[in-house]
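Student: First the structure, then my questions, so here it is.
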Amino acid sequence: MSTINERRYVRVKCLTPASFEYRGNSYEGTIRDVSLCGTFVLSPLPVEMDEKVKIETKLPECEPVTLRGRIVRIVLPNRITQDPVTDTQAGFGVDFGAVPLATREAIDGYVRLMFRTFRKLQFELSRADVSQDAIQELLHQTYLPKRSYSVDALKDLVAAELKGFRLRPV
């Protein structure tokens with residue numbers, strides 16, 4: 001199994017509340033992840049492929065954004081637990097098509113922020129005198145569930161998240 005992301009753009013988890021319009025009606029959902037070319041919205045709403053959708057959300061540390069695209073993937077739930085990061089929950093993937101510059105900058109800013117935060121976490125965790133306060137402050141800036149982690153478990157988790165930032169060779 002390859003550890004390199006096959007996508008053209010880095011897709012980053014975010015778990016951010018969102019509202020979306022589908023077939024003229026408004027609904028609530030959660031942005032599970034986002035990239036410069038698409039997003040995945042967690043929602044139990046039954047949707048259909050190739051339908052247009054308009055999503056409004058606020059990515060962390062960014063101004064609110066409006067994302068427009070078409071539904072290109074539909075996922076039905078296959079298990080329901082209490083961990084929104086690892087569960088396969090109902091939702092749909094959206095391809096943005098053309099993205100306005102301000103929206104591109106907001107998404108790119110969020111992706112870069114998460115990359116820098118995980119690199120800082122990696123650095124803090126590599127120190128001989130790990131600062132729990134620094135670790136907790138950095139964890140608060142991420143999308144990871146807010147709970148206690150052992151240093152070794154957190155090292156593994158951060159390393160796995162940083163692998164997601166690697167793109168396929170061009």
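The values are calculated or read from the model by the stated rules, or taken from the named source; none is laboratory data. Since the structure is predicted, the reported quantities are computational estimates derived from the model, not experimental observations. Cβ atoms come from the backbone with ideal geometry, glycine included; neighbour counts cover every protein chain shown. Surface accessibility is based on the protein's heavy atoms, side chains included, excluding ligands, DNA and RNA. Shrake-Rupley method; radii C 1.70, N 1.55, O 1.52, S 1.80 Å.
Student: Quick one: accessible surface of residue 74, probe radius 1.4 Å, all protein chains present, in square angstrom to the nearest 10.
Tutor: The value for residue 74 is about 70 Å².
Student: I'd like the distance between the alpha-carbon centres of the stretch 125-170 and the stretch 35-78, rounded to an integer number of Å.
Tutor: 26
Student: Let me ask something additional. Which semi-axis lengths, in whole Å and largest first, follow from the square roots of five times the eigenvalues of the Cα gyration tensor of the stretch 94-149?
Tutor: Gyration-tensor ellipsoid for the stretch 94-149: 30, 12, 8 Å.
Student: What do you get for the angle between helix 151-163 and the principal long axis of the chain? Use alpha-carbon atoms, 0 to 90 degrees, nearest ten.
Tutor: Compared with the principal axis, the helix lies near 40 degrees.
Student: Counting only heavy atoms of protein chains, what accessible area per residue, in Å², does the stretch 99-144 have with a probe of 1.4 Å?
Tutor: 59
Student: So how long is each side of the chain along the principal axes, counting just the alpha-carbon atoms, biggest first, in Å?
Tutor: Cα extents, longest axis first: 55, 36, 35 Å.
Student: Which order do the peptides 108-121, 30-43 come out in when sorted by mean C-beta neighbours inside 10 angstrom, highest first?
Tutor: For the peptides 108-121, 30-43, the packing ranking is 30-43, 108-121.
Student: For residue 50, tell me the accessible area in Å² from a 1.4 Å probe, rounded to the nearest 10.
Tutor: 100
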